Amino acid sequence: FKHIEVGWFGSWESRFDDNIHLTYWHADERTAAGVPDGWGVQVSVSRKLDARWLPFLRIGYADGGGAPLERSVSTGFAYYPSSDGSVSGLGINWGRPNRDIFGASTDDQYTLEAYYRFQLLEHLAITPDLQLIKQPAQNPGYETVWIAGLRARVVLICMLSPTSWA
C-alpha cells in the first residue's frame with residue numbers, strides 16, 4: 001500500500017480546523033486474499049467559522065484494491081459549545097459500494113452519524129456516537145442498521161530535550 005498526500009493549512013495553530021487535502025493511494029494485488037490491485041483519490045476540506053462551527057466535505061473515488069466503496073461523499077459539521085474542548089457533530093454520507101465485492105445489484109448506502117465528545121480532562125476525551133445506515137452493503141439482509149459506539153481518546157505527551165537524544 002502506498003499513498004501520497006498534499007495539503008494546505010493557513011497556520012500551524014489552525015492545521016486541524018482550516019485545511020484542504022488531496023490524497024492518492026495505490027494498493028498492490030493480494031493474491032492469497034483474492035484482492036486485485038487498485039487505486040483511489042480523496043479530497044477533504046474543512047474550515048472553522050466563528051470559532052464554534054467546523055463544516056467539512058470529503059469526496060472519494062476508488063477503483064479496485066479491496067476498497068468497500070467505489071465512490072463516497074461525506075459532509076457535516078462540528079459545533080464547539082464552549083472552550084473546554086467538548087464538541088458535538090453531525091455527518092451524512094452517500095456511498096456506492098464496490099460492485100466487485102458486493103455485486104452489481106447492491107444499492108447505494110447512506111449513513112447518518114451524530115456524536116458528542118466530552119473533554120473530561122486535558123488529555124482524556126470520551127465520545128459516544130450513534131449511526132444509522134440505510135441499505136448497508138455489508139448486511140444486505142437489512143434495510144436499516146443502527147450502531148452505537150463509544151470511543152476514548154488519550155493523549156500521551158513525551159517531552160525530550162535535545163541533550164537526551166545523544
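The values are calculated or read from the model by the stated rules, or taken from the named source; none is laboratory data. The structure presented is a predicted model; accordingly, all values stated were derived computationally and were not measured. All Cβ positions, glycine included, derive from the backbone under ideal geometry; neighbour counts span all protein chains shown. Note: areas computed on protein heavy atoms with side chains; ligands, DNA, RNA excluded. Shrake-Rupley method; radii C 1.70, N 1.55, O 1.52, S 1.80 Å.
Taken over the range 5-30, the criterion of being among the hydroxyl-bearing types (S, T, Y) and either under 21 Å from F102 (Cβ atoms) or modelled with pLDDT of 90 or more (or both) is satisfied by T23, Y24. F77 - would you say it is buried (at least 17 other Cβ atoms within 10 Å of the Cβ) and within 14 Å of the chain's Cα centre (by Cα)? Taking the combined requirement at face value, the residue does not satisfy it. With respect to V35, determine if the residue is open to solvent by less than 60 Å² (accessible area, probe 1.4 Å) and either in contact with a Cys (Cβ under 7 Å, 6 or more places away or on another chain) or closer than 26 Å to Q131 by Cα (or both). So V35 fails the test. Cβ-Cβ below 6 Å, separation at least six or inter-chain, first residue in the range 9-36 and in contact (Cβ under 8 Å) with a residue 60 or more places away in the chain, second open to solvent by 50 Å² or more (accessible area, probe 1.4 Å): which pairs? Filtered contacts from the range 9-36: P36/E29.
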